[in-house]
Amino acid sequence: MRTRTLGTTGPQVSALGLGCMGMSALYGDADRAESVATIHAALDAGVTLLDTGDFYAMGHNEMLIGEALRTAPAALREKALTSVKFGALRDPDGNWSGYDGRPAAVRNFAAYSLQRLGVDHIDVYRIARLDPEVPIEETVGAISELVEKGYVRHIGLSEVGADTIRRAAATAPIADLQIEYSLISRSIEREILPATRELGIGITAYGVLSRGLISGHFSRDRQLAPTDFRAHSPRFQGDNLQHNLNLVEALREIAGRKGVTVAQTAIAWVVSRGEDIVPLVGARTRERLGESLGALEVTLDEADLTAIEEAVPADAAAGDRYPTVQMAHLDSER
Ligand SMILES: NC(=O)c1ccc[n+]([C@@H]2O[C@H](COP(=O)([O-])OP(=O)(O)OC[C@H]3O[C@@H](n4cnc5c(N)ncnc54)[C@H](OP(=O)(O)O)[C@@H]3O)[C@@H](O)[C@H]2O)c1
């Protein structure tokens, strides 16, 4: 497994990370045994970075990862690194009700995550969205104290813009920014990526398959449960969906010429963007994991990159990457 280092101060991690969210929430039902088997297979293949959020099905995802770590061979468990997001508030019906980045809340969230994961420290800890009521310095300062006490190893950020990144980096060393980045979500290239590069902060890229939309496996016929994120995502609706799937067909031609899959091409494109970028893939079965790992064997030369750029130009996607209400929570899109 190739490795990359998260920023100038962060840990060395596998060149591909596993995002575990879909094993508990947001993309319809998942099979628990297969999820655990997928985490084990990932660790066995050399994937060291496991990403989660305490709010993914209200702790379910952390407990799932905890189970997978507990039941993995010790040699693999010791290499696993946890990346945890906190701060999103839920109610018992699962509704989202804002963010909390106050220092006392940070300590509280961390205490529960450590229990659910069954670990004595979290490797990278970050607030999922900027709490507009709490200066980022206070939230990052609280994580810093957890670092001093040994409960957290590194501080990360998630979906924040260049100004917030600079303020956070002036407060404490920041390992990485977690943010959506794919062939059809490229807004970070304008201001955010130049800022993280200037400051020596890595990127853990999520949604590299745009939540399955550009995986080559998604079709108009796919039935989505009302709780599935994609049932409400602008990119998966009506004409937008058709437009976006047409882009996938253009990509499929390029992938076909190279003898690889669409998903592998999309992941390899993100890998090709720089040594500072680590894609998190949302595989929740061993089959999808195997396909994703195959992307690390794909080399995209200049001709491939030009063809991809022509097939899927930077602003080609139809529809925002989140519904309007959630777009408003993205400091990264201001
Ligand atoms: N910081 C943030 O705000 C934020 C937001 C969202 C996610 N994340 C993190 O990033 C991780 C990845 O995000 P994501 O799950 O949205 O990303 P993704 O990898 O773009 O999408 C995962 C979806 O793609 C489908 N897929 C099709 N082929 C695949 C393949 N070969 N490998 C993997 N998936 C394939 C999966 O399909 P199936 O339906 O077949 O399983 C799943 O529905 C999450 O698990 C989470 O940890 C962070």
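The values are calculated or read from the model by the stated rules, or taken from the named source; none is laboratory data. Because the structure is predicted, anything quoted here is derived from the model rather than measured. Note: ideal-geometry Cβ built from the backbone for every residue, glycine included; neighbour counts use all protein chains shown.
Filter region 70-89 for residues that are basic (Lys, Arg) and touching a residue at least 60 places away in the same chain (Cβ under 8 Å) and give the result. Please lay out each step first, then the result.
The initial filter retains those residues of region 70-89 that are basic (Lys, Arg), namely 70, 77, 79, 85.
Correct list: Lys85 only.
Given the condition at pLDDT 95 or above and part of a helix (DSSP H, G or I), answer yes or no: does some residue in region 85-92 qualify?
Scanning region 85-92, I find no residue that is at pLDDT 95 or above and part of a helix (DSSP H, G or I), so the answer is no.
Filter region 168-178 down to residues that are out of contact with any Phe, Trp or Tyr (no Cβ under 7 Å at 6 or more places or on another chain) and assigned to a strand (DSSP E or B) and give me whichever is surrounded by the most Cβ atoms within 10 Å (Cβ to Cβ).
Per the criteria, the residue is Leu177.
Does Glu145 count as of a type in the set (D, E, K, R), more than 14 Å from the ligand (Cβ to nearest atom), touching a helix residue (DSSP H, G or I) at 6+ places or on another chain (Cβ under 7 Å) and not in a strand (DSSP E or B)?
Working: of a type in the set (D, E, K, R): yes; more than 14 Å from the ligand (Cβ to nearest atom): yes; touching a helix residue (DSSP H, G or I) at 6+ places or on another chain (Cβ under 7 Å): no; not in a strand (DSSP E or B): yes.
So Glu145 does not fit the description; no.
Go over the candidates Arg273, Arg284, Arg230 one by one and state the one that is in a loop (DSSP other than H, G, I, E, B), of a type in the set (D, E, K, R) and under 22 Å from Gly28 (Cα atoms).
On the way: Arg273 fails: under 22 Å from Gly28 (Cα atoms); Arg230 fails: in a loop (DSSP other than H, G, I, E, B).
Being in a loop (DSSP other than H, G, I, E, B), of a type in the set (D, E, K, R) and under 22 Å from Gly28 (Cα atoms) holds for just one of Arg273, Arg284, Arg230, which is Arg284.
Would you please list the contacts, defined by Cβ atoms under 7 Å and residues six or more apart or on different chains, that run from a residue in region 268-293 that is free of Cβ contacts under 8 Å to residues at least 60 places away in the same chain to a residue that is near the ligand (Cβ under 8 Å from one of its atoms) and not in a helix (DSSP H, G or I)?
Glu291/Thr261
Checking Pro234 against (1) touching a residue at least 60 places away in the same chain (Cβ under 8 Å); (2) touching an Asp or Glu at 6+ places or on another chain (Cβ under 6 Å); (3) closer than 26 Å to Asp176 by Cβ, only one condition comes out false. Which one?
In the conditions (1) touching a residue at least 60 places away in the same chain (Cβ under 8 Å); (2) touching an Asp or Glu at 6+ places or on another chain (Cβ under 6 Å); (3) closer than 26 Å to Asp176 by Cβ, Pro234 misses (3) alone.
Find the residue count for region 9-23, including only residues that are more than 9 Å from the ligand (Cβ to nearest atom) and either assigned to a helix (DSSP H, G or I) or not hydrophobic (A, V, I, L, M, F, W, C) (or both). Give the steps one after another, and end with the answer.
Step one: filter region 9-23 for residues more than 9 Å from the ligand (Cβ to nearest atom), giving 9-16.
Next, only the ones that are either assigned to a helix (DSSP H, G or I) or not hydrophobic (A, V, I, L, M, F, W, C) (or both) stay: 9-12, 14.
Within region 9-23, residues that are more than 9 Å from the ligand (Cβ to nearest atom) and either assigned to a helix (DSSP H, G or I) or not hydrophobic (A, V, I, L, M, F, W, C) (or both) number 5.
Output the residues belonging to region 292-307 that are buried (at least 17 other Cβ atoms within 10 Å of the Cβ) and within 22 Å of Ile203 (Cα to Cα).
Going residue by residue through region 292-307, those that are buried (at least 17 other Cβ atoms within 10 Å of the Cβ) are 292-293, 295-296, 298, 300, 304, 307.
Passing the criteria: Ser292, Leu293, Ala295, Leu296, Val298, Leu300.
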